[in-house]
Structures are given as C-alpha cells and as structure tokens.
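Participant: Dropping the structure in here first, questions after.
The values are calculated or read from the model by the stated rules, or taken from the named source; none is laboratory data. Here the structure is a predicted model, which is why all the values come from computation and not from measurement. Ideal geometry is used to build each Cβ from the backbone, glycine not excepted, and the neighbour counts take in all protein chains shown.
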C-alpha cells in the first residue's frame, strides 16, 4: 500500500484529521490508540529495530509462537523507526509531535522525561499537545515507580480478589485489564481533545491501570466501607437465581442463564418439562431460591445435563427466559451476524497468515470510514510518508540518518 494513502477511507470518520504520535508498547497503550485509529485518527507508531514492540515477536506467555496481539492492536497504524537513545532521533520525535495532536506513551514513569520527551518538552514542540501517559500506578505517588503487566493491575486493584468462585482463589486477570485500561485511556483522550478544541490548551493525561481495576469493584469498596466483608460471587447474582453457567450434553458446551423473577422461574421450569418444580414452595420466591442457591444449581444442572446447549438456548429464548450458549472463540469468529456488521474482520502482519480480530463495535449514522482499513505495518514501512512528506527530510538526509542508526 502507498503509505500516503494509509488513511484513505477515514475522511468521513469522527476523528478524521487527528494525528497521534504513538510511543506506546505492549497492549494497554496500543489498544487505546488503536481505538482512536478505528475512529479515523492517523496513528504513527514509533519503534526501532533495537527495541521493537515486544508484541511483534512470539509471545509464549499468551500461548502463541507467532506474533501475539500486535497484528490486532496495530492494524491501521503507520510505522517509523527512531533510535531514541540518540539525540537526533529525539529531535525527530519532537518534530513528529509538532505536527501531531496527541502524543501517547506507556513506559514506566520518568522514561519519557529522561529521553527528553516529557510533557513540558513536548509542549514546547506543540503548545496545545494532548499527551497520554498510561502506567501501572500513575505518574505520582509512592508507588509510581512500579512497573506492571495486566495480571498485576487486576491483582493490585482488587478486581482479581473479587473474581472467581467463593471457595476458590482470586482469578488472575490478563488481557481484560490491558484492554480496560486502554478503553479508559481512549475515552480520556477524546475528552481532552474536545476540551482543547474549546480552550486551545494542552493537557497531560495521567492514567493508572491499577486504578481502572479498582473502579470496577466500587460496589465491593462501598460494602467494605460499611463494615461488611465482600466475597467473590462466582457466577452468582445477589438478586437472581438460578443465575450462572451450566454444563450440557457436550464437554465444554455451557449454557448461560439469568432467571430474573418468580414468573420467569415458573416459565423456565415448565419449558424444561419440570412442572413440579414450578409449583414447589421451596423455589417459589426469589428469596427462597437465593437461600437454596447451591441446591438449585445442582437441580438445574441435572435438568440440562442431557440437553443440547444450542437447542436448550433456543427453547428458553422462545419462552422469554434469558439464556444463551457461552460461546467459544470459534463461535465468535464464525458468526455470520458479526461478520456482516464488520465486528469481526481479518488482520495480519508480515509473515503471519490472516486471522480474525475484533473490529470497531460502534456504528455512526452520519460518519463513515470507521474500523480497520489497513493491515499491520512492517517495521519502518511508512517512513517515506512520515519522514519525507510530513517532516520534509530528503532521501539523502534519511540515508545519512540510517547510516548513523538514528533511523534504525
């Protein structure tokens, strides 16, 4: 693809005309900028051959011996190489920021300042710059020096403790934390860009991933403040029973149920040919069912054990009961509805065969060009456009910078 045409299709998108200088790495930060790129922003990812994004490489932690999630969070993006250990590369990075609206980074606090790319330095290059710094614990405070990955965010923020079965250990949260932090960061960036449009002022967004986790357990924090001891709820719900995930006739084919009131309980029992249970006083009210939750779960599991999950879901849906098969990833990848809406699309990376990825989940009635428009770039693929067209470097200048490993 001609690099200068990389943003074709984004002209009518909500963030068309917004440019991001993207210094983020791994998953959380890249997911934030990826969301904005799907809304039409032009996103220029800065890496180097010496320190490429770790997700360009095989990542056994995530069970993939090919490129991990890079081809999903970097679709749409442009790629340039800058060896930020060298002052000339830092100077070029500042020039890139000078023609950008957003600078985003997800290093440990202090790294960008030591490179000469802190907020004050970037504000000199672009007086109204919006900068995102996404880190484990934020840019200030006694824990700001801690590095972290997704499992730490969830554990430290309390979300891990509140996830899992009541009689089991906390559940480690992985990509859900990276992507939740990235989603919060994307929202903050859009808000800051809106404020800049009104005021013309620069802004530095300081987002701590562990605080995102804590924001998800607010109800448990309120309980603690009242002297209670919140417990892991598992698949249960404080006001519905049965509520959970139940095995069916095939291994790893589970049916998810949410029976919201007494009338729906009676409908549910009759639909599964259990009229006696529908009239049983032990289960007649929500309070009674909640008091016998474990007994009820065993009863429902027995009813469903010999049934086909998809057929049972269809039967219950027709009766007005909230039920669906707990889909695996193959179900999602093959779903014609998601494919038709572009919610599942294909992405790839150099040397990696195409595979399904999540597309833009929002549809705009008066906007166009949202979603994945371009596959993952090779390292340095877009330097003709970025260094040549945007920054005005001649071919001879670029050859010299490459020879001295400034562009590397």
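Participant: Which residues, counting only those in the stretch 105-119, are under 17 Å from residue 48 (Cβ atoms) and in contact (Cβ under 8 Å) with a residue 40 or more places away in the chain?
Facilitator: So the first thing to find is which residues in the stretch 105-119 are under 17 Å from residue 48 (Cβ atoms), and the list is 105-107, 111-112, 114-117.
Answer for the stretch 105-119, where residues must be under 17 Å from residue 48 (Cβ atoms) and in contact (Cβ under 8 Å) with a residue 40 or more places away in the chain: 105, 106, 107, 112, 117.
Participant: Another one. Count, please, the residues in the stretch 230-282 that happen to be free of Cβ contacts under 8 Å to residues at least 24 places away in the same chain and at positive phi.
Facilitator: Residues meeting the conditions: 1.
Participant: Follow-up question, since we're still on this one. Look through the stretch 334-347, keep the residues that are crowded, with 16+ Cβ neighbours inside 10 Å and touching a residue at least 24 places away in the same chain (Cβ under 8 Å), and return whichever of them is farthest from residue 75 (Cα to Cα).
Facilitator: This residue is 345.
Participant: Further, regarding this structure: Hey, among 194, 184, 175, 179, which residue is closer than 20 Å to residue 361 by Cβ and at pLDDT 95 or above? Reasoning before the result, please.
Facilitator: On the way: 194 fails: closer than 20 Å to residue 361 by Cβ; 175 fails: at pLDDT 95 or above; 179 fails: at pLDDT 95 or above.
The conditions single out 184.
Participant: Tell me whether the stretch 228-238 contains one or more residues that are assigned to a strand (DSSP E or B) and at pLDDT 95 or above.
Facilitator: The first filter runs over the stretch 228-238 and keeps only residues assigned to a strand (DSSP E or B), leaving 237.
From the residues that got through so far, the ones that are at pLDDT 95 or above too are none.
Checked against the condition, which is being assigned to a strand (DSSP E or B) and at pLDDT 95 or above, the stretch 228-238 yields no hits at all.
Participant: What single numbered condition from (1) surrounded by fewer than 14 Cβ atoms within 10 Å (Cβ to Cβ); (2) farther than 24 Å from residue 35 by Cα; (3) not assigned by TED's automatic domain parsing to the domain that holds residue 100 fails to hold for residue 408?
Facilitator: Going through (1) surrounded by fewer than 14 Cβ atoms within 10 Å (Cβ to Cβ); (2) farther than 24 Å from residue 35 by Cα; (3) not assigned by TED's automatic domain parsing to the domain that holds residue 100 one by one, residue 408 breaks only (1).
Participant: What pairs can you find where one residue is in the stretch 197-225 and farther than 30 Å from residue 103 by Cβ, the other is assigned to a helix (DSSP H, G or I), and their Cβ atoms are less than 9 Å apart, with a gap of 6+ or different chains?
Facilitator: 217/157; 221/214
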